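Enquirer: Sharing a structure with you now.
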Amino acid sequence: MYLLSDILGRPAADIDTPALVIDLDAMERNLARMAAFAAQHGVKLRPHAKMHKSAALAKLQMAHGAVGVCVQKTAEAEALAALGVSNIYISNEVVSPFKLKRVAALARELEALGGQLAIAVDSPEGLWRLAQAMHGQHCIVRVFIELDVGHGRCGLAPGVAAVPLAAEIARHAALKFGGLQAYHGRAQHFRTVVERREGIALVIAHVEATKEALQAAGFEVPLVTGAGTGTFALEAASGVYGELQAGSYLFMDRDYADNEADPAQPVFEHALFVKSQVMSVSASHAVVDAGHKSHAIDSGLPAVHGLALDYSNGGDEHGIVRGAVLPALGDTVWLIPGHCDPTVNLHDHLLGVRGGLQHGTVEQIIKVDARGALT
């Protein structure tokens, strides 16, 4: 029987396949570069833990200067809080009465730990439901008004629509106006620097119009939060944003690497890999044992690391690689996932390797604590 614990201290070559592997050295360089950027630009960092879903990695980010983490689901927040992550922002709307009872309980739990819970709202009805759930709880949840700044997903229209929500927040003792949630997810993957700059310029105009409307009505905006790995330097330079929510920088998937590099941003390295093994070879191609059950394909197929090979989809359990020189039966092929977040959610554990993928050793087994936390 294969026991995961047996791999600790063993060479990376001994990791059974397919497996999700972190290059710890690369990840720590990414961690340090983002922390230094935030400190240099005087902005807070609240990385998205929905990317790694790990309490250990959330705590590592907070130990390196992050003020807390974001999540998108109540269950993600609960999983991380249960393991001691005490400052959590659910940067999403929660409207189910059952879930809101869980939100209220989580707010009490985090406040008892000396931390805090925040949540986003984008409608009067959603805010009323939150207020009802928090009534009589003797704790406070910070509330961010979410704006649709171009993504076309959740959020109020920018401008005066935020004023009634801010007024309603002020009526409830258990709610505190935290500021504005302004995240443009699609802009993270605009391929050119010019496209991203133009996209975020519109975002900033929307945020400024909303701040002006709120200030005219007597409401100061304590914080504007948002940004992602594709654009965070633009939000940081705006003078409008006080907090960055970038998350993928820690692992840096293939899709983000396809963006034209912005010289204003640090360079991040690939740190997340699927280790696979060649299981069949023919004259035209080789087959590896990592199909799309081991990596997400919503942002495209993985890239092959370090070899002149193209990966194509072979189904659930197989990947097809082609190139002028094919790997041999039994060879290792390292894959760079197209999208790190849903790839991580396919695995129970991450294996942390120190000293490089080729010659390093397995130093850590990191549990994906919030795997499948969808509610």
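The values are calculated or read from the model by the stated rules, or taken from the named source; none is laboratory data. Quick caveat: nothing in here was measured; it's all calculated off a predicted structure. Glycine also receives a Cβ, built like all others from the backbone with ideal geometry; neighbour counts cover every protein chain displayed.
Enquirer: For the structure I just gave you, tell me whether D310 is under 26 Å from the mean Cα position of the chain (by Cα), exposed (fewer than 15 other Cβ atoms within 10 Å of the Cβ) and among the acidic types (D, E).
Expert: The answer is no for D310.
Enquirer: Another question, then. For the range 122-162, what are the residues that are part of a loop (DSSP other than H, G, I, E, B), surrounded by 19 or more Cβ atoms within 10 Å (Cβ to Cβ) and β-branched (V, I, T)?
Expert: Once the filter is applied, which keeps residues that are part of a loop (DSSP other than H, G, I, E, B), surrounded by 19 or more Cβ atoms within 10 Å (Cβ to Cβ) and β-branched (V, I, T), the range 122-162 yields only V149.
Enquirer: Further question on the same structure: For the range 330-339, check the following and say yes or no: at least one residue is in a loop (DSSP other than H, G, I, E, B), in contact with a strand residue (DSSP E or B) (Cβ under 6 Å, 6 or more places away or on another chain), among the aliphatic types (A, V, I, L, M) and modelled with pLDDT of 95 or more.
Expert: no
Enquirer: Does A373 satisfy being in contact (Cβ under 8 Å) with a residue 40 or more places away in the chain and not assigned by TED's automatic domain parsing to the domain that holds K275?
Expert: The answer is yes for A373.
Enquirer: Looking at (1) at pLDDT 95 or above; (2) farther than 17 Å from L350 by Cα, find the lone condition where I22 falls short.
Expert: Failing condition for I22: (2).
Enquirer: Pairs, please: C-beta under 7 Å, at least 6 apart or cross-chain, first residue acidic (D, E) and in the range 165-192, second modelled with pLDDT of 95 or more and surrounded by fewer than 17 Cβ atoms within 10 Å (Cβ to Cβ)?
Expert: Matching pairs, first to second residue: E168/P124.
Enquirer: Considering only residues that are of a type outside the set (D, E, K, R), surrounded by fewer than 17 Cβ atoms within 10 Å (Cβ to Cβ), touching a residue at least 60 places away in the same chain (Cβ under 8 Å) and not in a loop (DSSP other than H, G, I, E, B), which ones fall in the range 1-55?
Expert: Listed by number, the residues that qualify are L4, S5, P11, A13, A36, H41.
Enquirer: In addition: Mind listing whichever residues of the range 56-77 are in contact (Cβ under 8 Å) with a residue 40 or more places away in the chain and either on the phi > 0 side of the Ramachandran plot or assigned to a loop (DSSP other than H, G, I, E, B) (or both)?
Expert: V67, G68, K73, listed by residue number.
Enquirer: Can you find even one residue in the range 216-232 that is touching a strand residue (DSSP E or B) at 6+ places or on another chain (Cβ under 8 Å), of a type in the set (D, E) and outside the structural domain of A296 (by TED's automatic domain parsing)?
Expert: No, the range 216-232 contains no residue that is touching a strand residue (DSSP E or B) at 6+ places or on another chain (Cβ under 8 Å), of a type in the set (D, E) and outside the structural domain of A296 (by TED's automatic domain parsing).
Enquirer: Would you check which residues across the range 87-103 are under 27 Å from K44 (Cβ atoms) and either touching a strand residue (DSSP E or B) at 6+ places or on another chain (Cβ under 7 Å) or not in a helix (DSSP H, G or I) (or both) and list them?
Expert: Hits for the range 87-103 are N87, I88, Y89, I90, S91, N92, E93, V94, V103.
Enquirer: Same structure again: Tell me whether the range 256-279 contains one or more residues that are part of a helix (DSSP H, G or I) and either within 18 Å of the chain's Cα centre (by Cα) or surrounded by fewer than 17 Cβ atoms within 10 Å (Cβ to Cβ) (or both).
Expert: Yes, the conditions are met somewhere in the range 256-279.
Enquirer: Please work out if G291 is over 30 Å from L326 (Cβ atoms), modelled with pLDDT of 95 or more and either of a type outside the set (A, V, I, L, M) or not in a loop (DSSP other than H, G, I, E, B) (or both).
Expert: Answer is no for this residue.
Enquirer: Moving to a separate point now. For the range 298-329, give me each residue that is in a strand (DSSP E or B) and among the small types (G, A, S).
Expert: Of everything in the range 298-329, those that are in a strand (DSSP E or B) and among the small types (G, A, S) turn out to be A303, S312, G319.
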